[in-house]
Amino acid sequence: MIEFQVIVLAAGKGSRITELTARKPKCLLPIGNKPMVYYSLKKIEKSGFREVFLVVLETAKSEVEFEIEKTDLSIKVNYITIPSDADWGTADSLRHLSSYIISDIIVVSCDLLTTVDIKYILNFHRKNDASLTALYFEPNADLDLPFTTPGPKSKNKPEKDLVGIDPSTNRLVFLASASDYEVELPLKRALLHKHGNIRIFTNLLDAHFFVMKKWLIKYLTYDVNLSTVKGELIPFFLKKQLSKDNKLSSANDPPVELTPVKDQQEKVKIDPFSLAKDPDYDTCARSMSSFNDHHGDLSPTYLNDNIRCYSYIVKDFGLRTNTVRDFCKANKLVSQNWTKLVGEELMNVSPEATIESTQFESETCFVGPNTTISGKTSIKSTSFGSGCLIKPKARISECIIMNNVQVKEGAVLTNCIICDGVVIEENCALKDCLIGSQYTIPANSSHSNEVLTKIENLMEI
């Protein structure tokens with residue numbers, strides 16, 4: 001019997017980074033010399049899993065499959081497609097593949113880079129027999145890099161969540177966006193009575209890594225109003241934790257009968273507590289055990305709750321690449337964290353690349369296959385995709401250059417993101433710019449802190 005099935009969500013359209021995803025699926029954006037989704041899949045593979053479900057858009061499946069086959073991944077990837085024109089949330093995607101779920105699940109976002117060992121999260125989940133465990137990262141000073149984000153100058157305002165946790169058990173008891181509350185944060189009396197000590201965090205990073213009981217997915221098939229995991233499903237079950245009906249019960253209690261509705265488009269709603277019942281042997285063992293998950297009062301183990309949500313907070317390296325700034329940050333940090341991220345030795349220059357430059361910093365650069373870097377060039381801290389051509393007298397530093405890009409003689413690029421198929425003509429000077437796919441920069445142009453892209457590309461999002 002499989003204990004956990006793994007689902008990687010890679011169907012996001014990248015609504016915050018449309019300049020980068022207009023012609024390329026978000027999950028295939030390059031980090032170092034690998035597509036973004038590679039790091040989640042490699043982490044899962046190194047944790048001992050042999051297969052994974054990968055949720056992608058219908059229109060992107062063939063491209064994603066082609067790129068993954070070019071990597072060194074050996075894990076079996078089962079592709080689950082969702083309609084490209086549908087505006088589905090993460091919970092909608094899980095509902096879509098419910099027929100494939102035969103065990104508890106691990107849900108991972110494709111934009112997650114982390115050095116955390118998955119086995120510790122799973123052991124924590126098992127120990128608490130949790131309904132749901134969510135991974136969070138504490139602030140990490142190593143991630144606070146001083147650099148300018150390519151594009152127009154703007155203040156970096158990261159989204160903040162209010163995460164309420166019972167410190168004695170790590171029970172997750174409250175979750176909301178900080179933007180929903182201006183001055184006061186009202187908390188229910190029942191919550192404060194049940195959890196006398198609650199810590200509210202505003203600086204945790206949501207990893208979008210969840211471990212869930214199988215019955216949660218079954219419940220999703222009955223409640224179609226829950227569209228997202230973080231914004232709707234988790235807050236819904238946090239409220240259910242406070243319900244008077246959330247009491248440990250036996251699996252031998254009379255089952256809840258479902259009555260079909262006349263309208264087949266309507267889903268039957270079911271009481272979640274009827275799905276969350278513990279087996280009799282668990283209830284019996286718990287009643288005879290001296291174990292308790294908390295101290296300081298006479299409350300029973302797990303506060304006698306059937307539905308139990310937990311947080312797992314770590315100090316490990318953790319980053320989600322869902323903004324332009326975080327995408328740049330991931331590319332700047334990936335080489336120095338490569339061994340911990342991937343578990344293998346770094347090979348940052350493809351053997352199929354041609355490097356003729358004598359001023360090429362191999363320790364800080366990534367170069368993809370069939371890329372040619374001519375002599376009399378200066379290259380520092382830059383990643384190149386495949387099929388690029390860098391002509392003599394070009395100077396490039398701190399850039400992310402994707403596939404099939406041409407940089408002609410005398411061009412100077414500093415801290416830029418250059419998307420697929422871009423042509424940069426002779427003697428151009430670009431600093432802190434983002435260049436969209438298939439764009440041509442005329443000769444002798446000079447740009448700073450700009451986004452240069454074709455309007456029709458952005459309209460595809």
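Quick look at the numbers
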| quantity | calculated |
| --- | --- |
| Distance in nm between pseudo-label sites at Ala141 and Arg189 (7 Å out along the Cβ direction from Cα) | 4.5 nm |
| Dipole magnitude of segment 15-116, debye to nearest 20 (Cβ charges: Lys/Arg +1, Asp/Glu -1, about Cα centre) | 320 debye |
| Angstrom value of the Kirkwood radius, inverse mean 1/r, which spans all Cα pairs in segment 340-410 | 12.0 Å |
| Spatially close lysines, pair count over segment 301-384: Cα under 22 Å, gap of eight or more or interchain | 7 |
| Order by protection proxy (mean Cβ within 10 Å, highest first), peptides 131-143, 106-118 | 106-118, 131-143 |
| Listed values (i) 29.8; (ii) 30.9; (iii) 24.3, entry calculated as mean projected area of the Cα convex hull in nm² | (iii) |
| Stretch gain in nm, segment Ser15-Ser445, where the contour uses 0.36 nm per residue and the Cα spacing is subtracted | 151.8 nm |
| Where labels lie 7 Å past Cα in the beta-carbon direction, separation of Thr115 and Arg23 in nm | 3.6 nm |
| Fraction of beta bridges assigned by DSSP in the chain that are antiparallel (%, nearest 5) | 30 percent |
| Charged-residue dipole, Cβ positions (Lys, Arg, Asp, Glu), the chain about Cα centre, Debye nearest 20 | 540 debye |
| Amide proton proximity set for Ile31, modelled H, under 5 Å, gap of 5+ | Met36 |
| Cα→Cβ-extended label distance, 7 Å offset, between Glu182 and Glu363, nm | 5.3 nm |
| FRET efficiency, Thr354 to Lys380 (Cβ-Cβ, R0 25 Å, nearest 0.05) | 0.85 |
| Set Lys160/Lys230; Lys127/Lys213; Lys26/Lys213; Lys194/Lys244; Lys155/Lys454; Lys70/Lys391 screened for pairs whose C-alpha atoms are more than 18 Å apart | Lys26/Lys213; Lys155/Lys454; Lys70/Lys391 |
| Spread of Cα-to-Cα distances over 10 Å intervals beginning at zero, given as percent, for segment 91-231 | 9, 31, 37, 19, 5 |
| Alpha-carbon centroid distance for the pair segment 1-43 / segment 183-198, whole angstrom | 37 Å |
| Compactness relative to 2.2 N^0.38 Å, alpha carbon Rg of segment 369-408 | 1.00 |
| Acute angle (nearest 10 degrees) that the helix 324-333 long axis makes with the longest principal axis of the chain, alpha-carbon atoms | 80 degrees |
| Highest average packing first - 6-12, 408-414, Cβ atoms within 10 Å | 6-12, 408-414 |
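Values quoted throughout were computed directly from the atomic coordinates according to the rules given, and no laboratory measurement underlies them. Since we're looking at a predicted model, the values are computed, not measured. Don't worry about glycine lacking a Cβ; one is built from the backbone with ideal geometry, like all the others, and counts go over all protein chains shown.
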